[in-house]
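A.B. asks: There's a structure below that I have some questions on.
The values are calculated or read from the model by the stated rules, or taken from the named source; none is laboratory data. Everything numeric here is computed off the predicted structure, so don't read it as measured data. Here the Cβ positions follow ideal geometry from the backbone for every residue, glycine too, while neighbour counts run over all protein chains shown.
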Amino acid sequence: DIVLTQSPDSLAVSLGERATISCKSSQSVLYGYNNNNYLTWYQQKVGQPPRVLIYWASTRESGVPDRFSGSGSGTDFTLSIDNVQAEDVALYYCQQYYTNPTFGQGTRLEIK
Amino acid sequence: QVHLVQSGTEVKKPGASVRLSCKTSGYTFSSYGITWVRQAPGQGLEWMGWIAGYNGKTNLAQKFQGKIRMTIDTSTSTALLELASLRSDDTALYFCARDVVGLSGQSWFDIWGQGTLVIVSS
């Protein structure tokens, strides 16, 4: 199985600041045939199911604020949240779908 | 609007079985697969397996083979998950989610059910 390791496990940022979450994969999730990275990001708020934010590593899901952006390729990926709002407090997970899906362990975002 | 509505909380004794349902609406059931993901208390997300909405073909995570059974009822656009020989470490929130790409579960999941809590306790 592909192992995804997120860092940090938790972070606290001030309102209006930028949050950056890393996701490193144990093997490349870039499919050379179509040059797509098979990686997605979810947000999970307390008591709710996950919500997809980003797929193909950098494509924002419809309805997701443009404060959220994804980047990276191969084995190293980043979720960035600009101008962090109180409503962004949540757990964030990366997930690969290059093989049978696996998830990172999650990163908790709090407000400082 | 697309909805996945899951069955209610289950409390079971060790060794028992349980069947969870995920009723879908707002889209053509046969055009998408359904994935099941579980989340133990305070833990992360774990993919359990996938079932195709058009023919019931499954792809189960190796860890759960022999432990779970996934089926569909196309007449009600419902996906079902059966877990056997329950243990205390099966206590978790079980989510169903719609698979976007539709190829054996290797996809992201765009619509999620609210989750079903399964508690296994003697």
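A.B. asks: Tell me yes or no: at least one residue of the stretch B:75-96 is at pLDDT 95 or above, more than 12 Å from the chain's Cα centre (by Cα), part of a strand (DSSP E or B) and surrounded by fewer than 20 Cβ atoms within 10 Å (Cβ to Cβ).
C.D. replies: So far as the stretch B:75-96 goes, no, none of its residues is at pLDDT 95 or above, more than 12 Å from the chain's Cα centre (by Cα), part of a strand (DSSP E or B) and surrounded by fewer than 20 Cβ atoms within 10 Å (Cβ to Cβ).
A.B. asks: Quick test for you: out of B:35, B:91, B:74, pick the one residue that is of a type in the set (Val, Ile, Thr) and in contact with a helix residue (DSSP H, G or I) (Cβ under 7 Å, 6 or more places away or on another chain).
C.D. replies: Going through B:35, B:91, B:74 in turn, the sole match is B:74.
A.B. asks: Just the residues that are more than 11 Å from the chain's Cα centre (by Cα) and either modelled with pLDDT under 95 or within 14 Å of chain A (Cβ to nearest Cβ) (or both), please, taken from the stretch B:108-121. So that I can check it myself, show each step before the final result.
C.D. replies: Step one: of the stretch B:108-121, the residues more than 11 Å from the chain's Cα centre (by Cα) are B:108-111, B:114, B:117-121.
Passing the criteria: B:108, B:109, B:110, B:111, B:114, B:117.
A.B. asks: Give the residues of the stretch B:42-56 that are surrounded by 14 or more Cβ atoms within 10 Å (Cβ to Cβ), part of a loop (DSSP other than H, G, I, E, B) and within 10 Å of another protein chain (Cβ to nearest Cβ), sorted by residue number.
C.D. replies: Hits for the stretch B:42-56 are B:44, B:45.
A.B. asks: Right, next: Within the stretch A:71-80, is there a residue that is closer than 27 Å to residue B:50 by Cα, among the hydroxyl-bearing types (Ser, Thr, Tyr), part of a loop (DSSP other than H, G, I, E, B) and under 10 Å from the mean Cα position of the chain (by Cα)?
C.D. replies: Checked the stretch A:71-80: no residue is closer than 27 Å to residue B:50 by Cα, among the hydroxyl-bearing types (Ser, Thr, Tyr), part of a loop (DSSP other than H, G, I, E, B) and under 10 Å from the mean Cα position of the chain (by Cα).
A.B. asks: Mind listing whichever residues of the stretch B:23-41 are among the aliphatic types (A, V, I, L, M) and surrounded by fewer than 18 Cβ atoms within 10 Å (Cβ to Cβ)?
C.D. replies: Hit for the stretch B:23-41 is B:40, nothing else.
A.B. asks: Let me ask something else about it. Identify the single condition in (1) hydroxyl-bearing (Ser, Thr, Tyr); (2) buried (at least 18 other Cβ atoms within 10 Å of the Cβ); (3) over 18 Å from residue B:105 (Cα atoms) that residue A:98 does not satisfy, given that it satisfies every other one.
C.D. replies: Failed condition: (3).
A.B. asks: What number goes with the only condition from (1) in a loop (DSSP other than H, G, I, E, B); (2) surrounded by 19 or more Cβ atoms within 10 Å (Cβ to Cβ); (3) polar (S, T, N, Q) that residue A:40 does not pass?
C.D. replies: (1)
A.B. asks: Kindly provide the set of residues from the stretch B:97-114 that are surrounded by fewer than 23 Cβ atoms within 10 Å (Cβ to Cβ) and part of a loop (DSSP other than H, G, I, E, B), ordered by number.
C.D. replies: If we filter the stretch B:97-114 for residues that are surrounded by fewer than 23 Cβ atoms within 10 Å (Cβ to Cβ), which is where we start, we get B:100-104, B:106, B:110-112, B:114.
Scanning the stretch B:97-114 gives B:100, B:101, B:102, B:103, B:104, B:106, B:114.
A.B. asks: Looking at this structure, is residue A:78 touching a residue at least 60 places away in the same chain (Cβ under 8 Å), more than 9 Å from every other protein chain (Cβ to nearest Cβ), polar (S, T, N, Q) and surrounded by 15 or more Cβ atoms within 10 Å (Cβ to Cβ)? Steps first, please.
C.D. replies: Working: touching a residue at least 60 places away in the same chain (Cβ under 8 Å): no; more than 9 Å from every other protein chain (Cβ to nearest Cβ): yes; polar (S, T, N, Q): yes; surrounded by 15 or more Cβ atoms within 10 Å (Cβ to Cβ): yes.
Considered against the rule, which asks whether it is touching a residue at least 60 places away in the same chain (Cβ under 8 Å), more than 9 Å from every other protein chain (Cβ to nearest Cβ), polar (S, T, N, Q) and surrounded by 15 or more Cβ atoms within 10 Å (Cβ to Cβ), residue A:78 comes out as no.
A.B. asks: Would you check if residue A:32 is small (Gly, Ala, Ser), farther than 25 Å from residue B:61 by Cβ, surrounded by fewer than 14 Cβ atoms within 10 Å (Cβ to Cβ) and within 12 Å of chain B (Cβ to nearest Cβ)?
C.D. replies: no
A.B. asks: Name the residue that is surrounded by the fewest Cβ atoms within 10 Å (Cβ to Cβ), counting only residues in the stretch A:43-53 that are facing chain B (nearest Cβ under 9 Å) and under 12 Å from the mean Cα position of the chain (by Cα).
C.D. replies: Going through the qualifying residues, I end up with A:51.
A.B. asks: Go through (1) closer than 19 Å to residue B:109 by Cα; (2) of a type in the set (S, T, N, Q); (3) under 10 Å from the mean Cα position of the chain (by Cα) one by one and return the number of the condition residue A:20 breaks.
C.D. replies: (1)
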